[in-house]
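Enquirer: Submitted below is the structure of interest, expressed as structure tokens.
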Amino acid sequence: MAEPAPSRAVSRPVSEALLNEKWDRCLSNLIIKSTLGLGFGVVFSVLLFKRRAWPALVGVGFGAGRAYEECNYSLKQAARDIKKQA
Amino acid sequence: MLRTSLRSVRALGNRPAAAAAGRQWQVSAARRAVVSGQRSYADNKKPADQAKLPASETLTAPSTAPPPPRQTETVASSTIPPENAPLTPPAPGPAVTSETAAKTTPPAPPPTPRKKKGFFRRLRNYILTLTLLSALAFGGGVWYSRINDNFHDFFTEYVPYGEQAVLYLEELDFKKRFPNVASRVTGRRPDGEQVKIPAQSGASWRVADGSESAGRQSSAIQKEAVTKAAKTKGEPAVVTEAKKETATLPRAEATTNEAELQKPVPAPVEKKPKPEPAPTPTPTPAPVPVVPAAEPAPAPAPASAPAKQPFKAPEVDEPSRWPPASPIDPLAVPDAAEPVVQDLVHMLNDIITVINHDGASEKYAATIGKAKDELSKVGGKIRDLKTAVEQDAAKQVRQRVDDFDRAANELVSRLEAVMTAQEQQFRREFEAEAARLRQSYDSKVRLIQERERQLAEAKLGNQLLEQAIQLQRQFARDVQQQVEEERDGRLGKLQELSAAVASLEQLAAGWNNVIDANLRTQQLHVAVEAVRASLEDARHPRPFVRELVALKEIAAQDPVVDAAIASIPPAAYQRGVSTPAELVDRFRRVAAEVRKAALLPDDAGVASHASSYVLSKVLFRKQGLAAGDDVESVLTRAQTFLEEGDLDNAAREMNGLSGWAKTLSRDWLAEVRKVLEVRQALEVIQTEARLQSLKVE
């Protein structure tokens, strides 16, 4: 058990963890993208928009939307691969 | 545009303004605008045409202002518009117009007739000039085509009636140049003219038929001559007649030839008088001297006499008074059979005919007479020569025949003597030869008899020898047979013994084999058990390579065992296989994940995944062997099978999934499959081991 476990982790995830891994990736992506968007929004709001709240919200929205789209794409791609294998 | 706008303005505006503008603008345009009150384009063609029509006015520049009467005239012509548009009553305009209208009403009609007249005149002029020009061109073409050949070709080919015209002209020219040619060419004689034939030409009015000779003369030559005459109608009649005569006369002589052959001498005598009467130029009695001359030849004389008499009798009234000629009689030679003489006679006769018809018989009569004499003499000489030669030849032939007869007799007698002598000699030789042959045959017969006797003796000796050898061989065989019978009795017993020993040895060896096989099968059983134990004992998967290697060694190339071991995937014995407990544990995890993805649609995005995750939490769980193809029931069934320990069926159920569910359970399935394969292989090996042990017993 001690021997095969690391090799598995390195090579590829267990099949039942495929979906979970995708979810993890999506969530991390969501956090990163929305944070980035928030950052840009804050900077813009400070520099251009007299510290209004909406630029920051818009930035978050952009980031989250981007992440959502990527996640959607990856899931659909996976589904397509499965179909192709079948 | 500018004009139209101006015009429209003018139409709307008052009269003076229109009149003022009218000076600048073309009258008709203004009038039209006033009349209809319509807008029209500046490039309307009609007014321009009307303006151009009078040829006399083209001298004035177009820019010059139109003459006042014109303007007034136009106003007059536009008498209706004032009625239509009473809103514009300018005082000076109408006044002027009424005045001018009164003045110019007479000139108003002229333009239309003039126009019509002009048109017709123009048309007439146009046609006239056209016809004149074309006539001129045609005439010029005809004239030039007579000068230039190239143009002639072109003109006659492309211009209608050009060819006829040119031809006609050429013919006229030709006739003018040669007025007589036309009549000559046509070959027709003018009706009034008469053909005059000179009296001396020898032509007579008589038809050159010669019908009088048809009945009297039966020779074929006559007919030929008639046909020839028919053919040569173009010739003068006299010539044909003369030819007829020449044709008849030799024939007559030929008939008389046979009769005259016996008396060749009188022929020349008879001929001699002929030349004498011939030269007499008496017109009518010409035939009279001929008749006595021809008396010896009875047939031709009457023929010629009547032939000439009808000729003369009607002649008295006719214009031609001259007889054709007083002919020299043609030559008749009795020796005409000779070809040379015949040729000569012909020649002479031809000459005579020519002379006869030339009317010069008097001139040449003496000469011809001499020639005839000579000819007849020559004929006589030739005949004499012939007879002399014939007699000579006959004599010689008779002498030769006699000589031959004598020689033949001598030859026959000599041959007979020689033959008798030869016959006697042959007989003697034959007898001698027969005696010699008899002797030689006798000696040969004796020799053959002696040789046959010797041969028979030798054969007898050989037979005796063969019998002796056969007897000896039989004796040897008998001895050998007896010896072998004795020996076989003992050797057979020895062989039996050795066979028995060998079978004993085999038995012993067989038992050894049996023991060995037993051992091996036992070892096989042990090894299989070891593998099984290693699989089942372990809490954790553990490689069982060593056990498998041992098993393979013990199996010792058993094909079944080898195949079974080969069917186990290498990953299984290198890493070991998971235990049932582990499989069940893992199945629980996999089932949870699969449940989450149980409600996914075909092409799922984030939203559908999230909804499936959420909804799967509220799904009811099934129990036992649930019926149905949905993911939940499949999972429930697989779990039930697993709890019963039926790995095979559980794997089958999970294999029936599809899509995300199958992808998620892929690794678990692979694991289960591995375990099953190992189990199957071990079962096969165990069965084989049992079979081996059974075989041994």
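The values are calculated or read from the model by the stated rules, or taken from the named source; none is laboratory data. Remember, predicted model here, so these are calculated numbers, not experimental data. Positions of Cβ are generated from backbone atoms using ideal geometry, with glycine treated the same way; all protein chains shown enter the neighbour counts. Just so you know, the surface numbers come from the protein's heavy atoms only, side chains and all, with ligands and any DNA or RNA stripped out. Shrake-Rupley method; radii C 1.70, N 1.55, O 1.52, S 1.80 Å.
Enquirer: For the pair A and B, how large is the buried accessible area, both sides, in square angstrom to the nearest 100, if the probe is 1.4 Å?
Expert: 2000 Å²
Enquirer: Let me ask you something else. Between B:E170 and B:R436, what is 0.36 nm times their sequence separation minus the Cα-Cα distance? Round to one decimal in nm.
Expert: Between B:E170 and B:R436, full extension yields 82.9 nm more.
Enquirer: Here is a further query. Give me the distance in nm between label points sitting 7 Å out from Cα along the Cα-to-Cβ direction at B:N513 and B:S498, one decimal.
Expert: A separation of 2.3 nm, rounded to one decimal place.
Enquirer: Once the whole set of protein chains is in place, how much accessible area is left on A:I32, using a 1.4 Å probe, in Å² to the nearest 10?
Expert: Rounded to the nearest 10, the figure is 100 Å².
Enquirer: A further question follows. Please give, to one decimal in nm, the separation of the simple spin-label points placed at B:Q574 and B:N148, each 7 Å out from Cα toward the Cβ.
Expert: Label at B:Q574, label at B:N148, 11.2 nm between them.
Enquirer: Name the residues of the range B:578-623 whose accessible area, probed at 1.4 Å, falls by at least 50 Å² once all protein chains are in place instead of their chain on its own?
Expert: B:E593, B:D603, B:V606, B:H609
Enquirer: Give me the count of lysine pairs in chain A whose alpha carbons sit under 18 angstrom apart, restricted to pairs 8 or more positions apart or on different chains.
Expert: Within chain A, the lysine pair count is 4.
Enquirer: Using label points projected 7 Å from each Cα along Cα→Cβ, tell me how many nm separate B:N125 and B:E536, to one decimal.
Expert: It is 14.1 nm.
Enquirer: Which percent of the accessible heavy-atom area of the range B:372-481 goes to carbon and sulfur, probe 1.4 angstrom?
Expert: About 56 percent, which is the carbon plus sulfur part of the accessible surface.
Enquirer: Between the chain alone and the structure with every protein chain in place, find the residues of the range A:66-81 that drop at least 30 Å² of accessible area; heavy atoms, 1.4 Å probe.
Expert: Checking the loss per residue gives A:Y68, A:L75, A:K76, A:A79.
Enquirer: Please check the range B:659-676 for residues whose accessible area, probe 1.4 Å, is lower by 40 Å² or more when all protein chains are in place than in their chain alone.
Expert: Residues meeting the cut-off: B:W660, B:T663, B:L664, B:R666, B:D667.
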